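Working notes for the structure below.
No value in this document is a laboratory result; all are computed from the given coordinates. Note that the structure is a prediction, hence the values are computed from the model and not measured. Don't worry about glycine lacking a Cβ; one is built from the backbone with ideal geometry, like all the others, and counts go over all protein chains shown.
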Amino acid sequence: MARRGRSIPRLRSVSARHLAGPAVVALLLAACGSGAAPSQSPQVQPPAGASASPGSATFPVTLIDDEGTAVTIKAEPQRIASLSPANTETVFALGAGDRLVGGSDYDDYPAEAAALPDLVTFNGVIMEQLVAAAPDLVLAAGNGFNPPADIARIRELGIPVVVLYPEDVAGVLHDIELIGDAVGKGDEARTMTAEMQARIDAISAATAGVEQPRTFYELGAEPELYGPSDDSFVADMVTLAGGEPITTGSTTAASLSLERLVTEDPEVIVLGDANYGTSAAQVAARPGWDVMTAVKSGAIRPVDDIIVTRPGPRLADGLAALTLAIHPDFILPSAAP
């Protein structure tokens, strides 16, 4: 079995980083936002002769995934394959973890997820192992995290595949509900997203009244400097956390020059790569960084990147952690009125 946690290579698409968690582990493509993730409730279309509605557990059901594909699920899935850590975590949180027959070699939460047979690695889906697991539903990840050719092959085998790729915070909540509908846990999913939305709303409303410091969320610094692209998932999180995100200046590029960062002059630097060996002292010692406001004031702060950027049930926890990284003295509000 493949090693867990940091077994993911350091350079990959941003989509992979969002779906797997570790900073920079996926940065070069995902901030492009190539697939549209709807922010409304998942579209549920009953096949002829059947009825279904969001939140129901009625099967057969036809769902529209994040790539716009209509996926018909004939019966409530009993053997679920998850091809990303975010999907795995969501299935467990919905109370259907006992139906998972396999996951990815990046799965790390909850603890029992790490014991699932590996059906996908950085190199792609291990098709023989997936077929042997005999899933009746596959939850895949879009925008290049799972190779499109692998997804097409699974569908050719007659296995329903729901592809998920949230582009923003609203998309995360949408996808939790989409997974819920796919596995027959729609009501549980909507209860979960309502609680998450309430907490997110409370934090974002409270931070709207405080100063919004220019904030650079560092995703990595080798071999290039990486940060959130324009209109990306991470930029959305920084805004909700009460910061003014410093982005790459492109919707497609995940890297930026030191010159651009110096010009933007961050007042806060949040280290999304802190879990992977980057420290505030190292950042402050980098050549040319001492002219930035954040470095001069010592506002270089680590954060748990996994909960901040993994699009799953802990996203509100991630927003809270990011808020405190940007505003250390902030008192987090309760979601309850």
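Between Thr69 and Ala206, what length comes free when the chain is fully extended (0.36 nm per residue of separation minus the Cα-Cα distance, one decimal in nm)?
45.5 nm
Return Phe216, Phe92 ranked ascending by Cβ neighbour count within 10 Å, so the fewest neighbours appear first. Don't jump to the answer; show the numbers that get you there.
Values: Phe216 27, Phe92 23.
So the residues, fewest neighbours to most, are Phe92, Phe216.
Each label point is 7 Å from the Cα along the Cα-to-Cβ direction; what then is the distance between the points at Ala170 and Gln78, in nm?
3.9 nm
Arrange Ile73, Ile176, Ile300 by Cβ neighbour counts within 10 Å, fewest through most, would you? It would help to have the intermediate numbers written out before the result.
Values: Ile73 21, Ile176 29, Ile300 25.
Ascending number of Cβ neighbours within 10 Å: Ile73, Ile300, Ile176.
Out of all DSSP beta bridges with both ends in segment 53-170, state the antiparallel percent to the nearest 5.
35 percent
Based on Cα positions only, what radius of gyration and what Dmax would you give for segment 101-229, in angstroms?
Cα radius of gyration and Dmax of segment 101-229 are 18.2, 55 Å respectively.
With r defined as the distance between the Cβ atoms of Thr293 and Leu324 and R0 fixed at 25 Å, what FRET efficiency is calculated, to the nearest 0.05?
With R0 = 25 Å, the Cβ-Cβ based efficiency is 0.80.
Given H placed 1.01 Å from N in the peptide plane, which residues other than close sequence neighbours of Tyr217 have an amide H under 5 Å from its amide H?
Those qualifying (amide H under 5 Å, at least 5 residues apart or on another chain) are Ile246, Val270.
Quick check: pseudo-label points 7 Å beyond the Cα along Cα→Cβ at Phe59 and Thr251, how many nm apart are they?
3.8 nm
For a Förster distance of 25 Å, can you work out the FRET efficiency between the beta-carbons of Ala152 and Ala132, rounded to the nearest 0.05?
So, using R0 = 25 Å, E works out to roughly 0.80.
Please give the length that would be gained between Asp230 and Ala198 if that part of the chain were fully extended, namely 0.36 nm times their separation in residues minus their C-alpha to C-alpha distance (nm, one decimal).
8.9 nm
Quick check on segment 195-333: take the gyration tensor over C-alpha atoms, sort the square-rooted eigenvalues as a ≥ b ≥ c, and tell me if it's rounded (a/c under 1.5), prolate or oblate.
Prolate is the answer for segment 195-333, as a/c is 1.5 or above and a/b outweighs b/c.
Let me know the shape class of segment 35-197, please: from the alpha-carbon gyration tensor, a ≥ b ≥ c as square roots of the eigenvalues, rounded when a/c is under 1.5, otherwise prolate if a/b is greater than b/c, or oblate.
rounded
Which shape class applies to segment 286-337: rounded if a/c is under 1.5, otherwise prolate when a/b exceeds b/c and oblate if not, where a ≥ b ≥ c are the square roots of the Cα gyration tensor eigenvalues?
Since a/c reaches 1.5 but b/c is at least a/b, the shape of segment 286-337 is classed as oblate.
So if I take the centroid of the Cα atoms in segment 233-255 and the same for segment 102-140, what is the distance between those two points in Å?
31 Å
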